[in-house]
Amino acid sequence: MLLAQTGDGVARVGPAGLQLLDLPGRALGDYIVEGRLAELANLPTRKEIGWQQATLAPPVRRPGKIVIIGLNYRDHAAEIGTPLPAFPRFHLIPGSAVTAAGALVRLPAAAPEHVDYEGELGIVLGRTGRDIPESTAWDFVAGGTVVNDISARDVQAGENAALPMANPAVAKGFDGFKPLGPALLTTDELREHGPLDICTEVNGIVRQRSSTAELIFSVPELIAYVSSFLTLEAGDVICTGTPGGTGIAAGRFLAAGDVVSVTVAHIGTLTNTIAPPRNREGTG
């Protein structure tokens, strides 16, 4: 089942558009956290709208934590000349970085020049657990979504004058740097499809084209490893890593006006436009 959160409520994604469900006052995130997504399959539809008519929201508005997995695609490791990691590399970023499909993503005033895209499959947790075995890890997953793991590379590498220390959490955690959407594909169908094609375009030009078959560590391996250190909670998001074709590898970074689209097969296309920095950080 493919589900979306809109400004007009929760919707099932149908062949002709978005089927808005009769769920007054309820959000998709509520059903994810409560483990009740299956109930949405048979709820009546109050109206149907096209994608162009909808204002989308992220499947989860404010994850308790976002887990970023680094260097988890073989083709990405090859392009930057790095050996395959022996274990998953991960760090955490704030839920305040999340924004929706269609939203503007502003370049940060402190780091506007080396901002990069990273198209990824995002895994949304549907149950809370610690020390989760690989064999049962899928039981803790609500579904998959599309993520653009936008990153300020100079901040990430400690080469930014305003923050002269390597800080991946800030580099990837600026406001709006984690677009999620446009929809959530429930776990049963996510697993049914097997490896998923993934593609990132900037201004209509393909920059990344790969498949989740290139993952070094599988979704169950990631869940088991991360949960051996900390509790994963329902509503948390794991960004599973990005394939080859990143901007940093080619020395091409994003600028105001660029349109970035990330497509994951069977889930959809996440599109956001890059906007210039605000005159002052923290103002509207």
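At a glance:
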item: Extension gain from A16 to R46, taking 0.36 nm per residue of separation minus the Cα-Cα distance; result: 9.3 nm
item: Highest-fluctuation residue, A249, A100, A27 considered, GNM on the chain with Cα pairs under 10 Å; result: A249
item: Nonlocal amide H pairs with G235, under 5 Å, H built at 1.01 Å; result: L125, G126, R127
item: Derived scalar couplings ³J(HN,Hα) [region 257-262; Karplus, 6.51 cos²θ - 1.76 cosθ + 1.60; whole Hz; x for Gly, Pro]; result: x, 5, 10, 10, 10, 10
item: Förster radius 25 Å - calculated FRET efficiency between D30 and V259 (Cβ-Cβ, nearest 0.05); result: 0.20
item: Cα-based Rg of the chain normalised by 2.2 N^0.38 Å, two decimals; result: 0.96
item: Burial order of peptide ranges 130-143, 54-67 (average beta-carbon count within 10 Å, highest first); result: 54-67, 130-143
item: Two-site FRET efficiency, A275 against T136, from Cβ-Cβ distance with R₀ of 25 Å, rounded to 0.05; result: 0.05
item: Ranked packing of 178-187, 147-156, 165-174, 203-212, most packed first, by mean Cβ within 10 Å; result: 178-187, 147-156, 165-174, 203-212
item: Part-to-part distance (alpha-carbon centres) for region 177-255 and region 29-61, which is given in Å; result: 22 Å
item: Surface per residue (accessible, 1.4 Å probe) for region 63-205, Å²; result: 39 Å²
item: Accessible-area composition of the chain, carbon plus sulfur, in percent [1.4 Å probe]; result: 51 percent
item: 5 angstrom amide H check on D258, placed H, neighbours 5+ away; result: I274
item: Under the Karplus curve 6.51 cos²θ - 1.76 cosθ + 1.60, θ = phi - 60°, whole-Hz ³J(HN,Hα) for region 131-139, x wherever Gly or Pro sits; result: 6, 7, x, 4, 5, 10, 4, 5, 5
item: Net +/- balance of residues flanking Q5 in space, Cβ distance below 13 Å, scoring K and R +1, D and E -1; result: +2
item: Cut-off 14 Å, label 7 Å out along Cα→Cβ of T82, residues of region 197-225 by amide N; result: 216-217
item: Region 134-284 pair-distance distribution - Cα-Cα, 5 Å bins, rounded %; result: 2, 8, 15, 20, 20, 16, 11, 6, 2, 0, 0
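The values are calculated or read from the model by the stated rules, or taken from the named source; none is laboratory data. As the structure is a prediction and not an experimental result, all values here were calculated from the model. A quick note on method: Cβ atoms are made from the backbone with ideal geometry, for glycine too, and the neighbour counts reach across all protein chains shown. Only protein heavy atoms, including side chains, enter the accessible area calculation; ligands, DNA and RNA are left aside. Shrake-Rupley method; radii C 1.70, N 1.55, O 1.52, S 1.80 Å.
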